[in-house]
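Below is one structure, written out as structure tokens; comments come after it.
The values are calculated or read from the model by the stated rules, or taken from the named source; none is laboratory data. Note that the coordinates shown come from a computational prediction; the quantities given were computed from them, not determined experimentally. Methodologically, a virtual Cβ is constructed for each residue, glycine included, from the backbone with ideal geometry; neighbour enumeration extends over all protein chains shown. Only protein heavy atoms, including side chains, enter the accessible area calculation; ligands, DNA and RNA are left aside. Shrake-Rupley method; radii C 1.70, N 1.55, O 1.52, S 1.80 Å.
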Amino acid sequence: QVQLVESGGGLVQAGGSLRLSCAASGRTFGRYAMGWFRQAPGKEREFVAAISWSGSYTGYADSVKGRFTISRDKAKNTVYLQMNSLKAEDTAVYYCAADPRRDYSGHSTDYDYWGQGTQVTVSS
């Protein structure tokens, strides 16, 4: 089992920045992909960004490309999502996820472990 705890969400004005963190505990040994997803009210959960075990490969949704950066600190078992130039449409609950079976994945159905989510609200 892997436990994931997100932090760093909050209320920010459009154009501002936030950094989300996701701390993993439990069975964190081995190679596993990490990802961030989000769900806005009335919408389905969508992919935001993912990172490979080594950190050498990252992927982003088109809507956040150039504004968000995913990174991981393996020594701390923590993955980050730096969000810049935030827009009102980025408002959502952001979820961290871990996939222990793959080095990298951008599909929510591949991820076995999920955090409880952290709310990000961007005011326009």
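Identify the chymotrypsin sites (Phe, Trp or Tyr not before Pro) of region 26-93 meeting these criteria: DSSP loop state and at most 12 other C-beta atoms within 10 Å of the C-beta. Answer in residue order: Phe29, Tyr57.
For region 64-76, backbone phi angles converted through the Karplus equation (6.51, -1.76, 1.60; θ = phi - 60°) give residue-by-residue couplings of 10, 4, x, 10, 10, 9, 9, 8, 9, 10, 5, 5, 9 Hz, Gly and Pro being listed as x.
Within region 1-86, the trypsin sites (Lys or Arg not before Pro) that combine a DSSP coil assignment with at most 14 other C-beta atoms in a 10 angstrom radius are Arg27, Arg31, Lys43, Lys65. Over the chain, Cα pairs under 8 Å with separation of 6+ residues give a relative contact order of 37 percent. The GluC sites (Glu not before Pro) of region 1-77 that DSSP puts in a loop, and whose beta carbon has at most 10 other beta carbons within 10 Å, are Glu44. A simple charge model with +1 on the Cβ of Lys and Arg, -1 on the Cβ of Asp and Glu and nothing else charged puts the dipole of the chain at about 260 debye relative to its Cα centre.
Just the accessible area per residue of the chain, please: how many Å² with a 1.4 Å probe? List each step's numbers first, then the result.
Values: 6230 Å² over 124 residues.
The answer is 50 Å² per residue.
Given charges of +1 on the Cβ of Lys and Arg and -1 on the Cβ of Asp and Glu, with all other atoms neutral, how large is the dipole of region 23-63 about its Cα centre, in debye to the nearest 20? Working shown, then result.
Numbers: 5 positive and 3 negative charges, 39 e Å.
It comes to approximately 180 debye.
Note on Lys87 and Ser123: the extension gain reaches 12.2 nm, defined as 0.36 nm multiplied by sequence separation minus the Cα-Cα distance.
Our coupling estimate for region 31-38, obtained by passing each phi through the Karplus curve with A = 6.51, B = -1.76, C = 1.60 and θ = phi - 60°, is 8, 8, 7, 10, x, 10, 10, 9 Hz, Gly and Pro reported as x. Distance between the 7 Å Cα→Cβ label points at Lys74 and Arg101: 2.2 nm. Taking the centroid of alpha carbons for each part, region 102-124 and region 1-78 are 6 Å apart. What is the local net charge at Leu20, summed over the other residues whose Cβ is closer than 11 Å to its Cβ (Lys, Arg +1; Asp, Glu -1)? Residues near Leu20 contribute +1 overall.
Figure the gain on full extension for Ser63 and Ser25 (residue separation times 0.36 nm, minus the Cα-Cα span) and round it to one decimal in nm. Could you put the intermediate results ahead of the total?
Working: separation 38, 0.36 × 38 = 13.68 nm, distance 3.00 nm.
Extra length from Ser63 to Ser25 when fully extended: 10.7 nm.
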